[in-house]
Amino acid sequence: MVSQIRRCTVSIPSNIAEGQKRGHKLEYIQFLRISLGSGAELETQLLIAQRIGYLNERDYQELNNELQIIMRMLSRLITALSK
């Protein structure tokens, strides 16, 4: 589980960077959407970790709150670029 959480966490900024370097807006947006998918996967992994006792409630809430901020930023960026 730790390995999967790490992969999700690294995937979010990695896909943002890769998409930005592609040089085409539509590709960038696609990679931002992939980052959102990785965020959703991370959200699920954190919830599972909390439910099976790997994360206490306080740590889960803190991590999930930070993730939600990142997900909102990604969504806003996608919306802005799609106009």
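The values are calculated or read from the model by the stated rules, or taken from the named source; none is laboratory data. Here the structure is a predicted model, which is why all the values come from computation and not from measurement. Methodologically, a virtual Cβ is constructed for each residue, glycine included, from the backbone with ideal geometry; neighbour enumeration extends over all protein chains shown. Side chains are part of the model used for accessible areas, which takes the heavy atoms of the whole protein and leaves out ligands, DNA and RNA. Shrake-Rupley method; radii C 1.70, N 1.55, O 1.52, S 1.80 Å.
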Among residues belonging to segment 38-52 that are open to solvent by less than 60 Å² (accessible area, probe 1.4 Å) and over 14 Å from residue 70 (Cβ atoms), point out the one that is nearest to the chain's Cα centre (by Cα). 45
Would you say residue 29 is assigned to a helix (DSSP H, G or I), touching a Leu at 6+ places or on another chain (Cβ under 6 Å) and touching a residue at least 12 places away in the same chain (Cβ under 8 Å)? yes
Which numbered condition residue 69 fails, given (1) among the β-branched types (Val, Ile, Thr); (2) within 21 Å of residue 6 (Cβ to Cβ); (3) in contact with a Gly (Cβ under 8 Å, 6 or more places away or on another chain): (3)
Mind listing whichever residues of segment 30-74 are of a type in the set (Asp, Glu) and closer than 20 Å to residue 16 by Cβ? 41, 43, 66
Just to be sure before I move on: is residue 15 polar (S, T, N, Q) and under 30 Å from residue 83 (Cβ atoms) in the structure I sent? yes
Candidate set from segment 1-20 (those that are crowded, with 17+ Cβ neighbours inside 10 Å and of a type outside the set (S, T, N, Q)); member that is farthest from the chain's Cα centre (by Cα): 19
Looking only at segment 44-63, count how many residues are in a helix (DSSP H, G or I) and in contact (Cβ under 8 Å) with a residue 40 or more places away in the chain. 4
For segment 21-37, which residues satisfy the criterion of being over 25 Å from residue 63 (Cβ atoms) and open to solvent by 50 Å² or more (accessible area, probe 1.4 Å)? 21, 22, 23, 24, 25, 26, 27, 30
Residue 66: surrounded by 14 or more Cβ atoms within 10 Å (Cβ to Cβ) and in a helix (DSSP H, G or I), yes or no? no
Which residue pairs have Cβ atoms closer than 9 Å, lie 6 or more positions apart in sequence or on different chains, and pair a first residue in segment 1-14 that is in a helix (DSSP H, G or I) with a second residue that is open to solvent by 80 Å² or more (accessible area, probe 1.4 Å) and among the hydroxyl-bearing types (Ser, Thr, Tyr)? 2/54
In a helix (DSSP H, G or I), exposed (fewer than 14 other Cβ atoms within 10 Å of the Cβ) and in contact with a helix residue (DSSP H, G or I) (Cβ under 7 Å, 6 or more places away or on another chain): does that describe residue 81? yes
